[in-house]
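The values are calculated or read from the model by the stated rules, or taken from the named source; none is laboratory data. Since the model is a prediction, treat every value here as computed from it, not as a measurement. Cβ atoms come from the backbone with ideal geometry, glycine included; neighbour counts cover every protein chain shown.
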Amino acid sequence: FPMKLNNPELLRTQSYIDGKWVDAPDGAEFAVDNPATGSNIAHVSNLGAKQAEQAIAAASRAFPAWRARTAKERSNILRKWFDLIIAHTDDLARIMTLEQGKPFAEAKGEIAYGASFVEWFAEQAKRVMGDTISAPLATNRMLVLREPIGVCAAITPWNFPNAMITRKVAPAIAAGCTIVLKPAEQTPLSALALAVLAEQAGIPPGVLNIITADSDNSIAIGKVLCASPVVRKVTFTGSTPVGRILMQQSASSIKKMSLELGGHAPFIVFEDADLDAAIDGAMISKYRNAGQTCVCTNRFYVHANVYDSFVEKLAARVSGTLSVGEGFEDKVTTGPLIDDAAIAKVQEHVTDAIAKGAKVVTGGAAHSRGGRFYQPTVLANINEDMLCMREETFGPVAPVVKFTDEAEVIRLANNTDYGLASYFYSRDIGRIFRVAEALEYGMVGVNTGLISNEMAPFGGVKQSGLGREGSVYGMDDFMEMKYVCLGGI
Ligand code: ADP
């Protein structure tokens, strides 16, 4: 492993099933590479459909005892896991930067963010409430119990190798469920390091199982997880096409599903906005994680009165403050993109925009370092025919469109199958309510570019997904209501 860790124990390359670290039966492994250099950092066990069955069986065996624990016991164990994650922040962030590429400071930020879900759901575990309902008959009493749904399966992406796991696993096990996790093939080491700490925290064997696999085996494992009648719920974060496949595969067993899928976030700057605040919000919502988050702004709409000034300020901030490089280098703000396909997509979007009349204000090409580095880019003279205005770019590119009319910009913002995050800047109180209510999105940031935290319900509408993660609602997706009717009283 190319880096010294304070606690080398965190580095695991085997999968974790039923409390044991396991290899693939045939010893198969897949390579994990550093996206900044393309060089290999580890080989990880490449499990398949058979081991997915074993993991489901282990989770099923562990379920009765785990659900029977008191909420307070589950809470205490989660709290220990949280403390251990925080205590190992630097090592977890080192592993993350190596396999994912994000700057080390940003990786540490993600560890704190990821841990916040464990802390939050440790607290929420004790706040599961049922109801009593007034009955239509005097002789009856009606109760609603809230019970864990059972064995869950989670499939997670590479862009937040830690937080997308904790945001699913923590509410599941807080609710009394057991879970089988298949992390992204690009970032399995972050997932396995979390399992080491989960084990130390006292999460019993079978409650959390992690099966690692390359992209081909991930497809086979996905089929097993979706088709299994033992698995009662699938929770997925990733692309909309894969979400659609998982939903289809889960139809045979009528599974409960949570899907956090793609976005195409609009960022609207009205003529009355505080422009400097809008630039701050634009920087964080667009260039964080090199533009590789599902809530990253994908397209800017700026009112004609402030358009030139916004474009100029944004380009100056981008060229003056963003520094592209490897995540461990000093002052780097923008790491590499995850893989060659990601670079190719960003190139395609920029080339297409330029061919259709876009003006490059800054950036606009691969970075001189080569590899998977791309220059943070601002494009002006954008129109709705460009690819970047229809598809999620997932890179550090900001196309800026000029608009004049509020109703028209709302129509354009909503003119997409996606509905995850949206942002707008205005100081007019009437407009703030009007626009926030009109945007067909699960989340709206008003005068802020940063909206995610453990207390907020994260999720989308339309083809951006189903369900909400985090917040007081985040355990609902892992629980069922049971109605109990008492007669003859
Ligand atoms: P991204 O574009 O973020 O890589 P994907 O949706 O392709 O998004 O991948 C997210 C997760 O889904 C990863 O863990 C990946 O291995 C998994 N995955 C991709 N395709 C499938 C599939 N057909 N069945 C099950 N899991 C899949």
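Residues in segment 202-254 that are under 16 Å from residue 57 (Cα atoms), of a type in the set (Val, Ile, Thr) and in a strand (DSSP E or B): 210, 231, 234. Annotation note: Cβ proximity below 7 Å between a residue of segment 376-398 that is touching a residue at least 12 places away in the same chain (Cβ under 8 Å) and part of a helix (DSSP H, G or I) and a residue that is surrounded by fewer than 18 Cβ atoms within 10 Å (Cβ to Cβ) and of a type outside the set (Val, Ile, Thr) (sequence gap 6+ or interchain) occurs for 387/348; 387/352. Can you find even one residue in segment 312-327 that is within 16 Å of the ligand (Cβ to nearest atom), under 24 Å from the mean Cα position of the chain (by Cα) and either over 20 Å from residue 156 (Cα atoms) or modelled with pLDDT under 95 (or both)? So far as segment 312-327 goes, no, none of its residues is within 16 Å of the ligand (Cβ to nearest atom), under 24 Å from the mean Cα position of the chain (by Cα) and either over 20 Å from residue 156 (Cα atoms) or modelled with pLDDT under 95 (or both). Close contacts from segment 25-36, counting a first residue that is farther than 19 Å from residue 51 by Cβ and a second that is outside any strand (DSSP E or B) and among the charged types (D, E, K, R), with Cβ to Cβ under 6 Å and a gap of 6+ residues or different chains, come to 35/372; 36/326. Figure legend. Inter-residue proximity from segment 465-481: first residues within 22 Å of residue 244 (Cβ to Cβ), second residues among the aliphatic types (A, V, I, L, M), beta-carbon distance below 6 Å, spacing 6+ or different chains. Indicated pairs: 465/259; 465/261; 466/257; 466/259. Scanning segment 215-242 for residues that are within 10 Å of the ligand (Cβ to nearest atom) and either surrounded by 23 or more Cβ atoms within 10 Å (Cβ to Cβ) or among the polar types (S, T, N, Q) (or both) yields a count of 12. Can you tell me which residue in segment 181-211 is nearest to the chain's Cα centre (by Cα), limited to those that are more than 10 Å from the ligand (Cβ to nearest atom), polar (S, T, N, Q) and buried (at least 24 other Cβ atoms within 10 Å of the Cβ)? This residue is 190. Considered as a group, the residues in segment 146-180 that are part of a helix (DSSP H, G or I) and within 15 Å of the ligand (Cβ to nearest atom) include one that is surrounded by the fewest Cβ atoms within 10 Å (Cβ to Cβ), and that residue is 163. Taken over segment 20-48, the criterion of being surrounded by 15 or more Cβ atoms within 10 Å (Cβ to Cβ), out of contact with any strand residue (DSSP E or B) (no Cβ under 9 Å at 6 or more places or on another chain) and over 30 Å from residue 369 (Cα atoms) is satisfied by 48 alone. The residue of segment 450-463 that is surrounded by the most Cβ atoms within 10 Å (Cβ to Cβ), among those that are closer than 22 Å to residue 247 by Cα and out of contact with any strand residue (DSSP E or B) (no Cβ under 8 Å at 6 or more places or on another chain), is 463.
Residue-by-condition table, conditions (1) out of contact with any Cys (no Cβ under 9 Å at 6 or more places or on another chain); (2) not hydrophobic (A, V, I, L, M, F, W, C):
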site	(1), (2)
91	yes, yes
97	yes, yes
104	yes, no
108	yes, yes
119	yes, yes
148	no, yes
176	yes, yes
183	yes, yes
196	yes, no
